[in-house]
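Below is one structure, written out as structure tokens; comments come after it.
The values are calculated or read from the model by the stated rules, or taken from the named source; none is laboratory data. Everything quoted here is computed from the prediction, not taken from an experiment. Backbone-built Cβ (ideal geometry, glycine too); neighbour counts: all protein chains shown. These area figures cover heavy atoms from the full protein model, side chains too; ligands, DNA and RNA do not enter into them. Shrake-Rupley method; radii C 1.70, N 1.55, O 1.52, S 1.80 Å.
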Amino acid sequence: MLNNFPLWPQQASTLAAHVDALYIFLLIVTGMMALLVFTLIIYFAARYRHRPGVRAEQIEGSNALEITWSAIPFLIFMVIFIWGAQVYFKERTPPTDAAEVYVVAKQWMWKVEHAEGQREINELHVPVGRDVKLIMTSQDVIHSFYIPAFRIKQDVLPGRYTVEWFHATKPGVYHLFCAEYCGTQHSGMVGSIIVQEPAQYEAWMNGNSNGPLSGSGEKIFAELGCATCHRSDIQGRGPNLQGVFGKPVQLEDGRMLTADENYLRESILDPGSKRLKGFQPIMPTFQGLVSEEQLNALVAYIKSISLSNPMGGAKTSASGAVSGESSDNEGKTHTLPNGTKVQ
Ligand code: CUA
């Protein structure tokens, strides 16, 4: 119904209906309050207007009335608060098995890289009916990744990751906007979210792969010499990174925290800040040595050797590290939708 209402963006994600329902409720409540206030103003102005010979009667107050006009708004606000919190937590909590897409914002474009290795600029292809989690950072200033049809918007900050997620429900092409003023071309920092049927998406993906992002991460890991300290066979001078991601870790200063994307990122750029217990502060900083894209690849790689199936990660890694060249060539072999392979 709302799709034919021109003031309303399309509802194209699982979150959209929840956000709209709350929004409509707020509109109705505030509309009714405004109507009530204006009606009373007009009624009182007429009813108690100045008339010759009639003296105003003074009223000293009424506890019953004051309690009523405090309690009713309080209850209405509590409904809004609890409802809003529910929608907020739904929107802020990505499902654990969501497909992951890395987004790097810069003045003035969106660079997107899928975990499977596809890269896009100002476009994001996703399949319909799948949870997608965006892991986002900025190369320069604050931007904001906004998809009105999905009812999601999240600031994208330099120096750390922020996350948002969605589950697209309808194939189509939807607007992507930057929703944070970021310089002269801010209004041109737009793009498209292309939601496809799974089969179409599969075909698109096969035609665009450069090999998985974790594979590029493995190569960078090798090129930067990370593996000399972070060994996977024995405990080296740095922590063994297999199985680290998503686990609680103990820091030298006694704190416990979970090794998430932001922790990995910070440990690469500023290794001293949250050093693991039992390790010397010998790791150099990689600030300025790795680009945002390379950082994303490194994070994806460390995740890949940690998640459910460590052998899967190790396999990708072996092909990437041992013969970087041949895996490059593999990356250039595309399978067309009709099944033919092209180099
Ligand atoms: Cu980027 Cu506004």
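Would you point out which residue out of Leu251, Leu176, Leu269 is open to solvent by less than 20 Å² (accessible area, probe 1.4 Å) and under 22 Å from the mean Cα position of the chain (by Cα)? Lay out the reasoning, then the answer.
Working: Leu251 fails: under 22 Å from the mean Cα position of the chain (by Cα); Leu269 fails: open to solvent by less than 20 Å² (accessible area, probe 1.4 Å).
The unique qualifying residue is Leu176.
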Which condition breaks for Pro73 when tested against (1) open to solvent by 60 Å² or more (accessible area, probe 1.4 Å); (2) more than 30 Å from Val173 (Cβ to Cβ)?
(1)
Residue by residue through the stretch 148-178, note down the ones that are aliphatic (A, V, I, L, M) and near the ligand (Cβ under 10 Å from one of its atoms).
Val156
Selected residue (criterion: farthest from the ligand (Cβ to nearest atom)) from residues of the stretch 179-210 that are free of Cβ contacts under 8 Å to residues at least 60 places away in the same chain and open to solvent by less than 70 Å² (accessible area, probe 1.4 Å)
Ala179
All-but-one check, Asp131 against (1) in contact (Cβ under 8 Å) with a residue 40 or more places away in the chain; (2) more than 12 Å from the ligand (Cβ to nearest atom); (3) within 14 Å of the chain's Cα centre (by Cα); (4) within 25 Å of Trp8 (Cβ to Cβ), failing number (1)
What are the residues in the stretch 235-275 that are touching a helix residue (DSSP H, G or I) at 6+ places or on another chain (Cβ under 8 Å) and among the aromatic types (Phe, Trp, Tyr), if any?
Phe245
Of the criteria (1) open to solvent by 50 Å² or more (accessible area, probe 1.4 Å); (2) over 23 Å from Ala21 (Cβ atoms); (3) out of contact with any Gly (no Cβ under 6 Å at 6 or more places or on another chain), which one Gln118 fails:
(1)
Matching residues in the stretch 95-115 - criterion: being touching a residue at least 24 places away in the same chain (Cβ under 8 Å), closer than 15 Å to Lys133 by Cα and crowded, with 18+ Cβ neighbours inside 10 Å:
Glu100, Val101, Tyr102, Val103, Val104, Glu113, His114, Ala115
